1. With labels modelled as points extended 7 Å from the Cα through the Cβ direction, what inter-label distance (nm, one decimal) is found for residue 329 paired with residue 245?
2. Within region 225-264, name every residue whose backbone N is under 12 Å away from a label modeled 7 Å from Cα of residue 210 along the Cβ vector.
3. For residue 270 and residue 68, compute 0.36 nm times the residue count separating them, minus their Cα-Cα distance, and round to one decimal in nm.
4. Check which residues have an amide H placed less than 5 Å from residue 245's amide H, if you skip close sequence neighbours.
5. Using the count of nearby Cβ atoms within 10 Å as a rough guide to exposure, how do 159, 147 rank from fewest to most?
6. Can you tell me the length gained on complete extension of the stretch residue 354 to residue 77, counting 0.36 nm per residue apart and subtracting the Cα distance?
7. Any chance you could run the full-extension gain for residue 108 through residue 167? It's 0.36 nm times the residue separation minus the Cα-Cα distance, nm to one decimal.
8. Note down the net charge around residue 354, summing +1 for each Lys or Arg and -1 for each Asp or Glu among other residues with Cβ under 12 Å from its Cβ.
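Read the figures in this text as sums done on the coordinates, not as results from a lab. Bear in mind the structure is a predicted one, so any value in this text is a computation, not a measurement. Cβ placement follows ideal geometry from the backbone for every residue including glycine, while neighbour counts extend to all protein chains displayed.
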Amino acid sequence: MATLTLNILVCLLLLIVDAAQSSALRKGVNVEIIEAKTLDIYSNSKEARNILDDAPAFGEEMRLAQFNRFEINYTFLNHGSFGAVPNQVRQKQNEMMDLRERNPNQFINATQYDLIDVARRALATFLGSAYANLILVENVTKGVSNILRSLTLAPGEAILINTFTYSSMKNAAKAMVDRSEGTELFILELEFPINSPNDVIMLYTEMLTEHPNIRIAIIDHIAVPGVMFPLRELIDLCKSHDVLTVIDGSLYKWLFGPPGSSFQWSAERHHSIVQPAVTSFYYGDPYPANFERQGTRDAIPFIVMPSAIEFFHWFGGLVSAREIQNILFDDYLIQAKVEFRHKMYIRISLMVYVTIDDCKELVDAIVDLKARQMEHNQLLLIQRLQSDQSEISAMNKIPDQIIK
Ligand SMILES: Cc1ncc(COP(=O)(O)O)c(C=O)c1O
């Protein structure tokens, strides 16, 4: 199936290149390169993504541009445990550290709270969450512990994990059972490899049906063996059994944040009970103020999250693919599937009723979009600079040389 799709895509690109080469070349799109590298489309085709932006190609080029601090000859294949941070995020971290060093009291007592708030808002927008439901925490372990420590299990009730549950979450579940007399821990046995999400849903259904005393289920989004859980279905299933779900997922792996950046999301109806596991300054204050000042900690990983989100968009993340598909339809009346699977690409499904002019139209739209995108990026940058400037001058806290 994958080969078939690849072949179709290659043919389509050749076709579109032939058909539209001259008009696209006139407009400055390097379609020759697309043609020469059609077979590379899934492996390292900068061109496939660069139709719409100027980010480096994945692989060597990306590493040299943004991840070039690895030791020489060090082959790093473990982003899934501790991810590398892109240079632009790292640079922001350095700037913030310099700022903190210049006036630690000012930064720790005041400035950082404003900056954390900006980051929280940016992340909420990125995730499509209400701002009030989301706070930043150092890591997933803390987030899960915060939640489990805020909940209680009555005698006879149980918590559910599975074979793949990350060790620290497993222990948090065990600790909860240890401190709550008469409660139980269930471990759903899952075999690797998992053939289909439906198998997992079925096993969870059986488990929850057989054990109606289960009240909480901890589910990894992406578990250590590289298994992505069907979260939407599992959350719905748990809800239908009156089971609360605790989902584990971080920011420093898949969203390019530095270690020490994760988030904790909780629905509004739980805010009155959610407490930090670490008791600190604002004990007794309502959520989320009770999480605000957990001793003296490094808030810079939180603060740089807008840069990490910017990086994600820059190379064409999932949101961009969806946005571009919508723009193609809304502004150009072209319906084509835009996908981001390691790269961004546009699938053109040819059928007996499609003309070569239809394909040319798509190329013209892409050319136009590219121009708009560049204008848009410049505009965003200007807006950001302006808003940074006004926020900063309003606070009158951050020296000018920090603003880039
Ligand atoms: C499933 C899962 N959860 C959580 C983590 C990390 O947790 P923490 O952010 O607390 O270090 C990992 C790291 O590999 C993981 O694979």
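1. Label at residue 329, label at residue 245, 2.5 nm between them.
2. Residues passing the 12 Å test: none.
3. Numbers: separation 202, 0.36 × 202 = 72.72 nm, distance 4.30 nm.
Answer, rounded to one decimal: 68.4 nm.
4. Under 5 Å from the amide H of residue 245 lie the amide H atoms of 217, each far enough along the sequence or on another chain.
5. 147, 159
6. Working: separation 277, 0.36 × 277 = 99.72 nm, distance 4.33 nm.
Gain in length upon complete extension: 95.4 nm.
7. Working it through step by step, the gained length comes to 18.0 nm.
8. With Lys, Arg at +1 and Asp, Glu at -1, the net is -2.
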